[in-house]
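The values are calculated or read from the model by the stated rules, or taken from the named source; none is laboratory data. Everything quoted here is computed from the prediction, not taken from an experiment. Using ideal geometry, Cβ is built from the backbone for each residue, glycine included, and neighbour counts are taken over all protein chains shown. For accessibility, only protein heavy atoms count, side chains too; no ligands or nucleic acids. Shrake-Rupley method; radii C 1.70, N 1.55, O 1.52, S 1.80 Å.
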Amino acid sequence: MATLNVLILVCLGYVVLLFGVAFAADRLAATGRSTWLRSPLVYTLSLSIYCTAWTFYGAVGYAARSGLEFVTIYLGPTLVMIGWWWGLRKLVRVGRSQRVTSIADLISSRYGKSNTLAICVTILAVLGVTPYIALQLQSITLSFSIFAEADPSGIYNEGASVFWVAAGLAVFAILFGTRNLDANERHHGVVTAVAIEAVVKLLALLAVGIFVVWGIAGGIGPTMARIDASEIGTWGVDRGRWAAITFLSAAAFVCLPRMFQVMVVENDDERHLRAAAWAFPLYLLLMSLFVVPIAVVGLDLMPEGTNPDLFVLTIPLAQGQEGLAMFSFLGGFSSATSMVIVAAMALSTMVSNHIVMPIWLSSQGGGVSVSGDVRDIVLFSRRVSIAVIMALGYFYYRLSGGGAALASIGLIAFAGIAQILPALVGGLFWRGATRIGALAGLTVGFALWVYTLLLPGMGGSFMSEAVMTYGPLGLGWLRPQALFGIDGIDPMVHSVMWSLSLNTAAFCIGSLASFPSPLERLQGAQFVNVFDHSAGPRGWTGSVAQSEDLMIMSQRILGAREAQEFFHAEAERQGGRGYLPEPTPTFLERLERELSGSVGAATAHAMIGQIVGGSSVSVEDLLAVADESAQLLEYSGQLEEKSSELSHTARKLREANEKLTQISLQKDAFLSQVSHELRTPMTSIRAFSEILRDTEGLQPEEQTRYAAIIHDEALRLTRLLDDLLDLSVLENGQVNLNMGDGSLREVLDRAISAALTGSDRPLRVRRHRGSERIPLHTDLDRLGQVFINLIANAQKYCDAAEPSLTISVHDVGGQVVVDFIDNGSGIPADAQSMIFEKFARVGSDKAGGAGLGLAICREIMQRLGGEVSYLAGQEGGAFRVSLPLAYKQAAQ
Amino acid sequence: MSAGPDTEPERAVAPPPVFLERQSYRRRRLSDAARLLPILGAGLFAVPLLWPSEPEEAGAVSMSSAIVYIFCIWVLLILASAGFGLAARTHGGSDTQGPERD
């Protein structure tokens, strides 16, 4: 007979082995040689913490009471795993990309990092999981007591054993769950130990099953016959419960904090899901394969009144198979311990990140950046949380007395945890889901669960018989197990139906009626479209001065060396040197994720917010940014305008410069021309005056001739100087115009007579007097001067045998033009461009002009607002004088 | 000013090709089937709802046949899921960015 002492020794040995494995795995993971630790096999096995002692012991009891209904607990998770493509894949991707630390963190992160929501989920989880932990304690204690009964020599104290079991589990969870504040929250040691326990419990149950089927019942056929002959021999499952529990177990599989921990947080590689999609259902199938045979054989063999929950232990014991019983005990022990450890870890992360840390932070005022290591505080708060959670479980067990059937507690916990489902699924698939909606849904679901399932399940001390039968205050339609007067449903189905449907309704209505904050909308987009952009803009902005504060804060959470390494790497990534990177949005986002791995998304967000100055993505800030960019646009517009103005000015300056250079050249040319023009007459004047002075005996007629030459040359000089003066006056714009009225004909008459008077060469002038009757309002003398000049030119330069000049007046585009066309050979094309320049003369100097006439004409016409130009393409020399339209109109 | 539907500006991005290569077509249908699997499973697991729930009723299903049915469906689903996983891996589904680590 196995003594209790042997059992305790084996137990301790097993625990030591687990410690060793966990320790070795942690060491291996630290050195990075842990490829097999991250295999799909370990991942699948770690998922098996779904199968707790409730499964190991309770399933058989469940089957003994309700037949095949127990299998629904496994069918739900099977469907979820097989349909991993629909939901789990997205959940894991979101969890990895957002560095989520727990289910509360995920919900909070999705709904704008709301800590209120995180607290709600945490409370719900603690309330749901505490009875579950109590259940595990109970199962361990019960199994101990089985051995104690069989060992009369042992002194067994149930209360003490439960205390020591709870304390031992707490120590294990603290040692391996909070050894380090890992940035990615992965606990290789714990996961490996859990995987080993998974193997142990599977093998133990299979061993018992094989022993029962082949050892006792005598093979598959006789077993089946035995099953059909037993009291659960026919299919008798309540239809509502079958569907409801399948659904419930599927929901709980996703929402349970410990499942979330191993499935999402500890996940190393998304592709492991694909292997787990078939391997985990296989594990569940094997776990439930022998449940019904064990139950049936137990019902047959064991005396009336034996607790069917412990058939797994009592059958081998009764058959004298002590080794098998011991193995089976270890299996149950494994199921209980692995569940408790992971659940305590997951819950402690939630409690510490979402309740303890925010309280501690706010109690510290604004001083996140005060130096000092926060890691110790985080770790300490987690350890305390684990201890508190274990204590809660222990006291729950002591208070409830451990009498209730195991399975019912499990189902109640499932229904509570499943209240997270609408917020979770809505958050992953519906961008319109909001924080208000999630809060409303959780609150409604939670309240209904407590009212319809938890309190009635806990018995008379919490809810009186009167309330159960007649409703609170006698309101019959509020009876906890028959809401709205709908009676006759199984209490479980009733509660699940009402709480989840009203939860979902509140969630939808709340979401539809409220408006999400910008951060919520950003996070919503990142969650729902996680496959499109696993990283996205979240928009922190900061200044360089804040880097140091961030550094101080990060050192406290990540540890000095890790934080320095992280900052250094970031600074290098930004292309700089030194240890302080620019607080760019990318860097801040990365830092936030790094921190959220240690303290949760909401806390990390709040901490960075404290230093950087609030989330930069409020509507106000967006508006400010929009304003700023509008200002920038305006400013750049102004700049552009200015720069175009500048380039315009520069171009003008360049032009002016060119002009100045040209003018300077012109001036030089002009001076040399003028001196040349002056020199020629001066030379002859000097020469002839010298002759007159020095030559004796000049004939009087010779004297007269020489004096006449001197006179002529002096006249020419005077004329030249007059012209120059005239030109300079015109060019400087100092000329005074004598505006007067007259007709074009008169001006032409005067000009022709003045030009041809005293001419020795005949010039025939053709006119069309009829068209010349045009009234003018201009400086008539100056206009006449232009005409005289043009007519005189024609007279001087026309080389035809019978020179004639045609003066024609017409209207070209509303402008009066006067053309002077002679019948000579005209001006050669290459000279046409320069005839209006000063001192320009075409051909030989036979007429003795100074070459200023046309230049003066052009200046005059410019002053008068008209134009004189050479008209190419006529048979002879041709000039066109355009009279300004304004003068004509003004005269009308 | 006639802004009919035919005057709308052309989309700059060319639409994806209507027809896929045979292999990617197969792969997509494969993932469709994988997605349908849980629905099929839920349906098959719901079949017992049609069975008479009271042991006294006529035509009551014996426990052994119920067990055989449930576990057969279960094995079927596991095999199908494993098959799809294997097929997705050999087909080099779009979600695989490299060889499996193990």
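Buried on complex formation within the range A:267-314 (loss of at least 30 square angstrom of accessible surface versus the isolated chain, 1.4 Å probe, ligands and nucleic acids ignored): A:Arg271, A:Arg274, A:Trp278, A:Leu285. In this structure, A:Thr680 and A:Gln862 have a Cβ-Cβ separation that, at R0 = 30 Å, corresponds to a calculated FRET efficiency of about 0.50.
In square angstrom, rounded to the nearest 10, how much accessible surface does A:Phe446 have for a 1.4 Å probe? Using a 1.4 Å probe on the heavy atoms, I get roughly 60 Å².
Remark: the range A:333-343, residue by residue, has Karplus-estimated 3J(HN,Hα) of 4, 4, 4, 5, 5, 4, 4, 5, 5, 5, 5 Hz, where x stands for each Gly or Pro and the curve is 6.51 cos²θ - 1.76 cosθ + 1.60 at θ = phi - 60°. Across the protein chains, with a 1.4 Å probe defining accessible surface, the residues A:Asp668, A:Asp723 rank A:Asp668, A:Asp723 from largest area downward. The residues of the range A:67-110 listed by number as losing at least 50 Å² of accessible area in the complex, against the isolated chain and with a 1.4 Å probe, are A:Leu68, A:Leu75, A:Leu79, A:Ile82, A:Trp85, A:Trp86. Provide the solvent-accessible area of A:Ser675, counting protein heavy atoms only and rolling a 1.4 Å probe, rounded to the nearest 10 Å². Here the residue's solvent-accessible area equals roughly 60 Å². Cross-link check: pairs A:Lys90/A:Lys113; A:Lys90/A:Lys201; A:Lys667/A:Lys796 evaluated at a Cα-Cα cut-off of 21 Å; pairs beyond the cut-off: A:Lys90/A:Lys201; A:Lys667/A:Lys796. Among the protein heavy atoms of the range A:737-891, carbon and sulfur supply 48% of the accessible surface, probe 1.4 Å, non-protein parts ignored. Under 5 Å between amide hydrogens, built in the peptide plane, is the criterion, and for A:Thr234 it picks out B:Met63 among residues at least 5 positions away or on other chains.
Dipole orientation for the range A:737-891: of the candidates A:Thr806, A:Gly873, A:Ile774, A:Ile774 has the Cα lying most toward the positive pole (charges on Cβ; Lys, Arg +1; Asp, Glu -1). In the assembled protein chains, A:Phe380 presents an accessible area of approximately 130 Å² (probe radius 1.4 Å). Chain A against chain B buries an accessible area of about 3700 Å², both chains summed, 1.4 Å probe radius. Here the range A:7-122 is assigned +1 on the Cβ of each Lys and Arg and -1 on the Cβ of each Asp and Glu. Its dipole about the Cα centre then comes out at about 540 debye.
Placing unit charges on the Cβ atoms of the charged side chains and taking the dipole of the range A:628-729 about its Cα centre, the candidate lying farthest along the positive direction among A:Gln666, A:Leu692, A:Leu653 is A:Leu692.
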